[in-house]
Amino acid sequence: MRFAPHTDDDVRAMLAACSLSSIDELFSHIPPKLRLDRELAIPEGLSEMELVSEMRRLAARNRHADELMCFAGGGAYDHYVPAAVWALAGRSELYTSYTPYQPELSQGVLQSLFEYQSMITALTGLEVSNASLYDGPTALVEAAHMSTGATGRTRILLSEAVDRRYVQTLRTYGAGEHFTVDTIPAPGGVTAVPDVGGDVAAVVVQHPNFYGNLEPTAAVFDAARAAGARAIQVFDPLSLGILAPPGELGADIAVGEGQGLGNHLSYGGPYLGLIAARPADLRRMPGRIVGETVDVDGRRGFVLTLQAREQHIRREKATSNICTNQTLMAVASTVYLAWLGPHGLAELGRQCLAKSRYAADRISDLTPAELMWPGAEFFKEFAVRTETPPRQVQRKLLDAGFLVGPAVGDEGLLVSVTERRTREEIDRLVKAFGEALS
Amino acid sequence: MTGAPVRRDGPDIDRRTLKERSRPGRRAWSMPELDVPGTEVSGRQRRQEPPDLPEVSETDIVRHFTRLSQINYGVDTGFYPLGSCSMKYNPKVAETVAALPGFQRLHPHQPEDTVQGALELLWRLERALCEITGMARATFQPPAGASGELTGLMIMRAYHTKNGNPRSKVVIPDSSHGTNPASVTLSGYKVVQVPSDPRGLVDLAALERLVDEDIAGLMLTNPNTLGLFEEEIQGVAAAMHRVGALLYYDGANLNAIMGRARPGDMGFDIVHMNTHKTFATPHGGGGPGAGPVAVNARLEPFLPAPVVALDEESGLYHWDHDRPDSIGRVHGFHGNFGVLVRAFAYVFGHGRDGLREVGERAVLNANYLACRVKDAFPLAFPGRPMHEFVATARPLRKGGVRAMDVAKRLIDLGFHPPTVYFPLIVEEAMMIEPTETESLETLDAFAEAMLQAAKEAHEDPHLLHEAPVTTPVRRLDEARAAREPKLHW
């Protein structure tokens, strides 16, 4: 493959225009010792046809969620992606564009992001959203930085029912001595209301939590507020058609994984980090924010704004180092949420709720397995306690054509049921579960 | 030749938001009838009011976003000479292969034996990137360049901590990108700035004066942010290594030297790459990217866990989680895999010969364009540029014309402007990177537009001050946007 359009004549003419005799002369100021005196040990290039064959071969070495029945969750979900989403987000004027620093040429991306921010604030019940972060876990890291900045404290309290990947990521980024992380127990699969000391910058609850369970979020956040700490909710945007919004539950900052909003599973990325907060934290928000304004003729237009928070202006004093974000995923999510609207999102939530309830009841009624937390209320995911090690059960279900998981420690297995799964598919899973455990 | 610019023409365009198009009861969605018993959320958890999302038809949505795309400039629209951004053509075949269900429909928690193709892809891409950079191992977790920087700095910190002292300072040049100092702060270090010398290169004498055993490392691009090759890089490396500090290579400008020189051979210990620059993965209007980080053998233990591993005997790949010195996880899953599929297609589609040609043509294009415009826009520094050059609009200043005015006039002349006012050390900077995928005709047309703008700056400056006049919106009131933030409907 070659995409440089130069003919031999072009090269000669261009060199001559620069008073140069050869391409090598362009590199002659690289000290000889540093010049690579051999070819790179990479195979020779391929034609497009050969490349497609090779990529098809690699893709065929994977088993995927069109071939296996996907009941897997744990932070990535097989929600339906409507055809309109990528037909529009995939328009090349959008996906081949750069960051909209020249607003006159970038109103498409800028208005899309303004609409994205509007929808995220509508979903979360919080007044301020940025234009995207990398993914859910890194969004939590940014929320932790905002909280330490706002409170002048450095201790983060985090429920043990928060997805382990969030905790691991938070610990990695805290290691520069920005903050420490302590856990709040979650007996019975939901977070216990903690004692929040005066040294706590933020209290973090995931709702619905890693096990799928709904949390007594408001009570935990009351405790945070009483101690002057920020209340952070890790939320699932797909739940917010039927679940009370984070802002109403008392969250000061809401972060979430936006994958399910029209983005493909794609082996874990590119996904979408959601973040929303209250106006008091506006100037601590990380990353790009789009605002509405007018042009010199008074026409409405959109620009990147409040850039005095950002690295290209503030350098070492910036609120975050983020530059490239996940804009295209945010645009896709905007199309997705417009496609669903308020009633489609609520119907999707009702279907996830009912189908996962049905699956959980069937598994506990018809198989030797029990739910890990039989009394708990959940949204689209639940944990099954298995006598046999969960990874063995997962393996047997895989052999039967089902993706489930991830495992919950050594005692359980997560099962996730989105709106895509039918009763007949759930019944087949239940049967396979029974056989896997017998 | 120049691409179709974003134009305002004909009747005024429909600029309504989705909210303004919304009508109660209108909808795009469809869903199967619920085929299991319905249930309800308990009262205290239930949402009382539906979220304030628009109610629109699918036709509304399609017209809306199609219209928005038509008022947006992309690489597919035209030339994009943004310095430090490598806005090259994004091959269509990369999009095609990334959409294969065997890549796009993989769940990140799938067992390793069901994703052997994905792991093989990552393994081979890692080997290729290590070969291009002269490094030993790499991580794919960082989803963007800035994330790669922070990951590299955390590796630096872990290395020094393991050796008994994390140290406290990191050196960056005064011409650096803003993410460098921001990442340094986030990694827990203090920024020390080293000046550029009259040639626009790191002032080696000044560097030698400020290095001591409290310096953890130095971050540098090479070619640097002025598009110049740091010819004394070996001296820089020696100065750092003498005090046990590490050298970090910011890969923003890797495009210039692919197949010709390698950061590892220059003495760099840590390298991040931007696949959305060098390896042509689309910028997506500002993301997603991918920021793989490669390190030399002594830093390998500190890479984020897990890393891909190959069992030579069975030929099977797996994730190696047993990394006791790892800095930990920097991304929720395995990084921006879908972007890495595109990067793989680019690297292996080009191959060793093609990658070397990429660098050569990129440097040729930048040098040619610099020659074409330098009489009106002198180079900020005398050295021969590599893949980009920094010119200055300073000569126009006395007529009251600024670099931004030239940029806006270029829009009316049909081009996306170059990067302006960066690097910060150059007055009225115009940073131009044509990339290898532009033709001689396009470069000539752009040069003519630059020269025309310079001429107009003397003869008819209001054309520049008023510009742009052809776009759907003209210059926007950014001060008002910041003073009275309106950030949602």
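Read the figures in this text as sums done on the coordinates, not as results from a lab. Everything numeric in this text was worked out from a predicted model, so none of it was measured. FYI the Cβ positions are ideal-geometry reconstructions off the backbone, even for glycines, and counts take in every protein chain you see.
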Loop-resident trypsin sites (Lys or Arg not before Pro) in the stretch A:1-59 with no more than 11 other Cβ atoms inside 10 Å, DSSP not H/G/I/E/B, are A:Arg38
The stretch A:382-438 to the stretch A:145-169: how many Å between their Cα centroids?
31 Å
Shielding of B:257-263 by partners, i.e. mean partner chain Cβ atoms within 10 Å per residue?
5
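Which trypsin sites (Lys or Arg not before Pro) from the stretch A:286-322 combine a DSSP loop assignment with at most 16 other Cβ atoms within 10 Å?
Details: sites: A:Arg288, A:Arg299, A:Arg300, A:Arg309, A:Arg314, A:Arg315, A:Lys317; in loops: A:Arg288, A:Arg299.
Listed in order of number, the matching sites are A:Arg299.
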Stretched out fully, how many nm does the piece from B:Glu112 to B:Ser42 gain, at 0.36 nm a residue minus the Cα gap?
21.3 nm
Simple spin-label estimate for A:Glu411/A:Ala87, 7 Å along Cα→Cβ, in nm, reads 4.9 nm
In a Gaussian network model of chain A with springs linking alpha carbons closer than 10 Å, the residue among A:Ser320, A:Ser28, A:Ser364 that fluctuates most is A:Ser28
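Can you compute the charge dipole magnitude of the stretch B:301-432 about its Cα centre, using +1 on each Lys and Arg Cβ and -1 on each Asp and Glu Cβ, nothing else charged? Give it in debye, rounded to the nearest 20.
Values: 15 positive and 15 negative charges, 214 e Å.
Dipole about the Cα centre, nearest 20: 1020 debye.
Work out which GluC sites (Glu not before Pro) in chain B are exposed loop sites (DSSP not H, G, I, E or B, at most 13 other Cβ within 10 Å) and give the longest gap free of them.
Working: sites that count: B:Glu33, B:Glu40, B:Glu213, B:Glu312, B:Glu313, B:Glu427.
Formally, the longest exposed-site-free interval is B:41-212.
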Students often get this wrong: which residues of the stretch B:55-89 have the backbone nitrogen under 16 Å from the point 7 angstrom along Cα-to-C-beta of B:Arg23?
B:55-64
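Quick one: if the Förster radius is 60 Å, what FRET efficiency do B:Ala479 and A:Ser438 give, using the C-beta to C-beta distance and rounding to 0.05? Provide the component values of the computation, followed by the final result.
On the way: r = 71 Å, r/R0 = 1.18.
Efficiency at R0 = 60 Å is approximately 0.25.
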Along the stretch B:96-106, what does the Karplus equation 6.51 cos²θ - 1.76 cosθ + 1.60 (θ = phi - 60°) give for ³J(HN,Hα), rounded to whole Hz, x for Gly and Pro?
4, 6, 5, 8, 4, x, x, 10, 6, 10, 8
Could you check which residue among A:Arg357, A:Arg423, A:Arg230 shows the biggest mean-square fluctuation in a GNM of chain A with a 10 Å Cα cutoff?
A:Arg423
When chain A is treated as a GNM, springs tying every alpha-carbon pair under 10 Å, which of A:Ala186, A:Ala359, A:Ala13 comes out with the largest mean-square fluctuation?
A:Ala13
Could you name the lysines whose alpha carbon sits less than 23 Å from that of B:Lys169, not counting residues in the same chain fewer than 8 places away?
A:Lys317, B:Lys190
Which of the helices in chain B, when you take each full DSSP H run, stretch at least 20 Å along the axis at their Cα atoms and have an average Kyte-Doolittle score of -1.0 or higher?
B:116-133, B:145-162, B:337-373, B:440-459
Provide, for q = 0.06 Å⁻¹, the log10 of I(q)/I(0) from a solvent-free Debye sum over equal Cα point scatterers in chain A.
-0.32
I'd like the distance between the alpha-carbon centres of the stretch B:286-349 and the stretch B:233-261, rounded to an integer number of Å.
22 Å
Give me the percent of Cα-Cα pairs in the stretch A:218-373 that sit more than 20 Å apart, rounded to a whole number.
66 percent
Once phi for every residue in the stretch B:165-172 is put through the Karplus expression 6.51 cos²θ - 1.76 cosθ + 1.60 (θ = phi - 60°), the whole-Hz ³J(HN,Hα) values, with Gly and Pro written as x, are 8, x, 6, 10, 10, 10, 8, 9
Tell me the label-point distance for the pair B:Leu424, A:Arg38, using the 7 Å Cα-to-Cβ offset, in nm and rounded to one decimal.
4.3 nm
In degrees rounded to 10, the 0-90 angle between helix A:164-174 Cα long axis and the longest Cα principal axis of chain A is 50 degrees
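Compute the Cα gyration tensor for the stretch B:398-481, then decide on rounded, prolate or oblate, letting a ≥ b ≥ c be the square roots of its eigenvalues: rounded whenever a/c is under 1.5, prolate when a/b is larger than b/c in the other cases, and oblate in all that remain.
Details: a/c = 1.39, a/b = 1.29, b/c = 1.07.
It comes out rounded by the Cα gyration axes.
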Gain on full stretching of the segment that runs from B:Leu34 to B:Glu459 - 0.36 nm per residue minus C-alpha separation
145.9 nm
Let me check I have the definition right: for the stretch B:93-349, take the eigenvalues of the Cα gyration tensor, multiply each by 5, take square roots. What are those semi-axes in whole Å, largest first?
32, 20, 15
The answer for the longest stretch of chain A without any exposed GluC sites (Glu not before Pro) (DSSP loop, at most 13 further Cβ atoms within 10 Å) is A:178-386
Where a ≥ b ≥ c are the square roots of the eigenvalues of the C-alpha gyration tensor, would you call chain B rounded, which needs a/c under 1.5, or, failing that, prolate if a/b is larger than b/c, or oblate?
oblate
Quick shape check on the protein assembly as shown: root eigenvalues a ≥ b ≥ c of the Cα gyration tensor, a/c under 1.5 is rounded, otherwise prolate if a/b tops b/c, else oblate, and it reads prolate
If you average over every viewing direction, what projected area does the convex hull of the Cα atoms of the stretch A:83-334 give, in nm²?
13.8 nm²
A:Arg12 paired with B:Glu312, simple spin-label distance in nm, labels 7 Å along Cα-to-beta-carbon:
5.0 nm
In whole angstrom, note down how far apart the Cα centers of the stretch B:169-221 and the stretch B:415-480 are.
31 Å
